Amino acid sequence: MGKVKGFDHMKLIRQYAGGHKHLITLGRFIAAISAVIVLVPYYDLWKIISIAVNNEDTGRIGHYAWQAVILTVSSLLIYIAALLCTHIAAFRVQANMRSSLMRRIITLPLGVFDEDGTGKIRRIVNDSTAATETFIAHQLPDKTVAAITPIGLMVLIFSFNWKIGLICMIPAAIGFACMMTMMGKGMQEKMREYQNALDVMSSEATEYVRGIPVVKTFGQTVHSFKRFKDAIDGFGKWTTGYTLILRWPMTAFMTCINAIFVFIVISAFVFSKDGITAGLILNIMYYIIVTPLVTVALTKVAYSGEAEMTLIDALKRVESIMEIKPLEESRSGRKPADMSVELKNVTYRYKDASRDAVKDVSFRILPGEHVALVGPSGSGKTTLAELIVRFFDVTDGEILIGGAGVKDIPSRELMKLVSFVFQDSRLIKKSILENVRMAKPDATEAEVLDALKKAQCMDIIEKLPEGIHTVIGEKGTYLSGGEQQRITIARAVLKDAPILILDEATAFADPDNESKVQAAFEELSKGKTLIMIAHRLSTVMNADRIYVMDDGRCVESGTHDELMAANGLYNRMFDEYSRSVDWKVGA
Ligand code: ADP
Ligand code: MG
């Protein structure tokens, strides 16, 4: 049971256990010994009942009773020794898994954290490795015990009176069959669905909570809450459905297991026709005590099957991260000749997507030029910008910085060349100083202050209780979306990279912040190659060139005046934009 085609989970566990893998085998072996020893007292019990019923030398009862006590205690001690072995091995496996995961995650393209959600990755690193640890430490030895106990009990039951034994086994066998229907392959699928529903709910919860400052500033409560609520509803619906599926097999299982008593009573009637002998009383009494234990043992088998499915699911999740191809690190180590950015027939399709997010886009940005990308939502602007910094690698085509392919530039160098200010850049729960310093760990406090000044953040700093040492998100020091944005701009100022990408960076800025954010950007982009993606078309009018994206393609390009004259998509978008601004002002 539990073996899934093409997935040898025990082999994987042994790999992670490394030198400790023998400890797992040893632990299971010791657990098996304890399981056998614990059965002997049931023989003692039969002897004790036999002495009592047959009126034999009652002095011998004490002998058997002590033997039972001693064996039970020693079996317990032996079992503890087994747990000790499996725990040591389990901790090792968990530690190895986590370090392999962390080593792998560092090498992954940044886009993965977008595509799969950071919440999901965090859950895999924490929960899936913890599930594996629990499985090895507790469930593996329990599984060995669970396999031996019912067999041992059945041997006992059949050896004393095979006829009554056989009758008792009927409900136990039916119950076992019911259980098997619950453990089938479909259940594996269910287990995965369950984990997925949990993942969605937890990442939506994280998003919801993290987005609260922004949500509050813009009054988007209903929209942002809806996704979280949908996730909860989805989870609730799933669990109800799952429970309903299990209703009948579970009812049948519990009925069969508890029906054992009925069968014992029936067999007592059947066999008492020949007269009630001492032997019959002995066996009936014995079976009333022992047969329910078969139930308990079988239930344990059921749980060990379920635990195994959880484990397989956890391991598959860990493997899903380990299987992601790391970003290829170039060996050529080329250096860009200047700060121009060139796209040659760039196409990108997201994993599992049915259509290209970016289709055959080509353009060239000269060093120091300021260009804008505009276009309807979903037209591929963000994807295009992310491709430049290798969040993903292009599916087709090529991206060059200063004549060097981005794949040939060592990724550390590439990161130094480009600053990326995201639409939803968020601050981490540290002081403002540390938040800004992330861009340049060796920056002095004076440098950080200077960057904050250039990013127009001094009004924020002044109102905070401990200035730049204030920890964001602590003791009620929350910043609005626009304020957070300005702090992240200070980060970019400090980094001082020659190429700058701003992705709809002013979209969340409240009116109060907008002019300051705008001024901060102007300071930031002086003398730099700038690619700005903008919602508010007023901010792109002064760009050297504007590229208009539509459905993954670059459909128009030129200056604002040229594009207005061309009377195409840009003209229509600008009209619409002007009207919405008028409307807002009017309202
Ligand atoms: P824009 O920034 O212009 O709004 P995007 O680059 O975000 O557009 O998206 C372009 C297209 O790619 C859209 O159709 C979007 O649904 C799709 N897309 C964006 N991100 C992902 C992702 N992580 N996985 C799959 N498809 C995505
Ligand atoms: Mg976008």
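The values are calculated or read from the model by the stated rules, or taken from the named source; none is laboratory data. These numbers were taken from a predicted model, which means no experiment stands behind them. We place every Cβ from the backbone using ideal geometry, glycine too, and count neighbours over all the protein chains shown. Calculation scope for accessible area: heavy atoms of the full protein, side chains included, ligands and nucleic acids excluded. Shrake-Rupley method; radii C 1.70, N 1.55, O 1.52, S 1.80 Å.
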Students often get this wrong, so check it: of Lys143/Lys163; Lys11/Lys407; Lys416/Lys454; Lys463/Lys528, which have C-alpha atoms separated by over 24 Å? Lys143/Lys163; Lys11/Lys407; Lys463/Lys528
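Taking only protein heavy atoms and a 1.4 Å probe, what accessible area per residue, in Å², does the chain have with all protein chains in place?
Solvent-accessible surface per residue comes out at 50 Å².
So for each of 230-243, 454-467 I average, over its residues, the number of other beta carbons within 10 Å; can you give me the resulting order with the highest mean first? Intermediate values should be presented prior to the final figure.
Values: 230-243: 13.6, 454-467: 16.2.
Going from most to least packed, we get 454-467, 230-243.
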Angle between the chain longest axis and helix 59-107 axis [Cα atoms, degrees, rounded to 10]: 20 degrees
With all protein chains present and a 1.4 Å probe, the order of Arg412, Arg545, Arg14 from largest accessible area down is Arg412, Arg14, Arg545
Give me the one-decimal nm value for the distance between modelled label points at Asp57 and Leu246, 7 Å along each residue's Cα-to-Cβ direction. 5.3 nm
Backbone N under 13 Å from the Thr72 label point (7 Å along Cα→Cβ), restricted to the range 34-50: 38-46
What ranking, highest mean first, results for peptides 521-530, 491-500, 195-204 when packing means the other Cβ atoms within 10 Å averaged over each residue? 491-500, 195-204, 521-530
How much length is gained on full extension from Ala353 to Thr477, taking 0.36 nm per residue of separation minus their Cα-Cα distance? 40.6 nm
For the chain, the longest principal axis of the Cα atoms and the Cα long axis of helix 21-37 enclose an angle in degrees, to the nearest 10, of 30 degrees
Whole angstrom only: what separates the Cα centroid of the range 534-587 from the Cα centroid of the range 444-507? 29 Å
Relative to the first principal axis of the alpha-carbon coordinates of the chain, what is the inclination of helix 260-271, with its axis defined by its Cα atoms, in degrees from 0 to 90 and to the nearest 10? 20 degrees
Which of Met10, Met541 is most accessible, then next, and so on - probe 1.4 Å: Met541, Met10
Counting only protein heavy atoms with a 1.4 Å probe and every protein chain in place, the carbon and sulfur fraction of the accessible surface of the chain in whole percent equals 60 percent
Segments 436-442, 291-297 sorted - mean Cβ within 10 Å per residue, highest first: 291-297, 436-442
Taking the Cβ-Cβ separation of Glu576 and Thr118 as r and a Förster radius of 35 Å, what is the calculated FRET efficiency to the nearest 0.05? 0.50
Cross-link candidates for Lys516: which aspartates and glutamates have Cα within less than 13 Å, leaving aside residues fewer than 8 places away along the same chain? Asp459, Glu483
How high is the relative contact order of the chain? Use alpha-carbon pairs under 8 Å, at least six apart in sequence, and give a whole percent. 14 percent
Rounded to whole Å, give me the distance from the Cα center of the range 1-68 to that of the range 238-270. 27 Å
Report relative contact order for the range 341-581 in percent, whole number only (criteria: Cα-Cα under 8 Å, sequence separation at least 6). 26 percent
